[in-house]
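K.L.:
First the structure, which I've put down as structure tokens, then a few questions once you've had a look.
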Amino acid sequence: MAYPFQLGFQDASSPIMEELLHFHDHTLMIVFLISSLVLYIISLMLTTKLTHTSTMDAQEVETIWTILPAIILIMIALPSLRILYMMDEINNPSLTVKTMGHQWYWSYEYTDYEDLSFDSYMIPTSDLNPGDLRLLEVDNRVVLPMELPIRMLISSEDVLHSWAVPSLGLKTDAIPGRLNQATLISTRPGLFYGQCSEICGSNHSFMPIVLEMAPLKHFESWSLSMI
């Protein structure tokens, strides 16, 4: 969960999000080094009156500033492509949950069970209990087992939506007539909050997502109580 005035990412709770954080730090360090070098060169140009005439037509300098950016782009592209393939890879999911976006709420269906589905609406501010999070709490949380691969099938009934949970590294568009899928693995129990990240209408910011990751035995007890 994000805290007030937070500037960075939320704490990673899945292997994919950990990889995304490492890639962000890797790229940010490259940007920082390039910015420092450019600032240093600009400061030298502004503070010195010397002109190096021998470097004005130097082929070596042109070769360096052509090859070096290409190497930097490769250093950024390779880890990025690796993470993209990791995000799309799904191997033997233990559970499949179908998520449908509506105006303006989410509905969930556990396809491995015969009759386990529900709608998830945001709790109005007037009905919140002390300690609840405004605009983020829902009446029916999505309970899932932790440390197991879970496949999320995401679509929409009406307009474009986007199912996003930042701390798990998830953001998948819900498109009418199209079934997208995402992989979800949580390394620790807890509550994970998200929201619709698509401007799908006047109430798109009132479509919160709450995932409750629990140990397998607690998930089994919950599923039996819901059927």
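The values are calculated or read from the model by the stated rules, or taken from the named source; none is laboratory data. Not measured: the values here are computed from a predicted model. Reconstructed Cβ throughout: ideal geometry from the backbone, glycine too, with neighbour counts over all protein chains shown. Accessible surface areas use protein heavy atoms only, side chains included; no ligands, DNA or RNA. Shrake-Rupley method; radii C 1.70, N 1.55, O 1.52, S 1.80 Å.
K.L.:
Could you tell me which numbered condition A70 fails, if it satisfies all but one of (1) exposed (fewer than 14 other Cβ atoms within 10 Å of the Cβ); (2) touching a strand residue (DSSP E or B) at 6+ places or on another chain (Cβ under 8 Å)?
P.N.:
It is condition (2) that A70 fails.
K.L.:
Same structure again: Checking C200 against (1) over 28 Å from E19 (Cβ atoms); (2) modelled with pLDDT of 90 or more: exactly one of these is not met. Which one?
P.N.:
Result: C200 fails condition (2) only.
K.L.:
In this structure, is L168 farther than 26 Å from N203 by Cβ and out of contact with any Pro (no Cβ under 8 Å at 6 or more places or on another chain)?
P.N.:
no
K.L.:
Failed condition for S223, given (1) within 18 Å of the chain's Cα centre (by Cα); (2) outside any strand (DSSP E or B); (3) surrounded by 14 or more Cβ atoms within 10 Å (Cβ to Cβ), with all others met?
P.N.:
Failing condition for S223: (1).
K.L.:
If a residue must be open to solvent by 60 Å² or more (accessible area, probe 1.4 Å) and closer than 23 Å to T187 by Cβ, how many such residues does segment 198-211 contain?
P.N.:
So the answer is 0.
K.L.:
Residues that are farther than 30 Å from R151 by Cβ and within 28 Å of the chain's Cα centre (by Cα): does segment 80-89 have at least one?
P.N.:
Within segment 80-89, none of the residues are farther than 30 Å from R151 by Cβ and within 28 Å of the chain's Cα centre (by Cα).
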